[in-house]
Amino acid sequence: MKAEIKEYKCIYCGSENTTRHEEKDTFVYGASGNLQIEVTADVIVSGCIDCGQQWTDGDQEQIRSDAACAALYKRIAELEQELADASKGNPEIFSAGMKAGMERAAEIVDHSTNCMLAAQAIRAEIKE
């Protein structure tokens, strides 16, 4: 199967004089506190030689979202381990902390899912 070849026109000025390159995009994700994390994702950036603007497409937004989810799951596991280590010998603390942590994790996953669904809906509208 051949890879799909896309023509890339500048989304700002319409020029066909564009470039694409891969770069590491580092951003902060999360509201605040222990679940605010720095995420790095490898994305393809398009740029226009004529007007100088740069942009990424919906596929790159999905790559960012996937990287944020993976980093959040990793951070949640780290926090669970820290809680387990801190509450050794005191099961009540461990149980209460796990419950609170899992509730917060569920909120974050719900938010990430809603963002992902919204992005998919926008991509579907653009393709139509």
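The values are calculated or read from the model by the stated rules, or taken from the named source; none is laboratory data. Just so you know, these numbers come straight off a predicted model, no measurement behind them. All Cβ positions, even for glycine, are placed from backbone atoms using ideal geometry, and neighbour counts span all protein chains on display.
Values computed for the structure shown
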quantity: Residue count for the range 33-65, restricted to those that are polar (S, T, N, Q), under 12 Å from the mean Cα position of the chain (by Cα) and farther than 17 Å from Thr19 by Cα; calculated: 3
quantity: Residues within the range 54-69 that are among the hydrophobic types (A, V, I, L, M, F, W, C), assigned to a helix (DSSP H, G or I) and either in contact with a helix residue (DSSP H, G or I) (Cβ under 9 Å, 6 or more places away or on another chain) or farther than 14 Å from Phe27 by Cα (or both), tallied; calculated: 2
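Conditions (1) of a type in the set (Val, Ile, Thr); (2) modelled with pLDDT of 90 or more; (3) not in a strand (DSSP E or B), marked per residue:
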site	(1), (2), (3)
Tyr8	no, no, yes
Cys13	no, yes, yes
Arg20	no, yes, no
Ala31	no, no, yes
Asn34	no, no, yes
Ile44	yes, yes, no
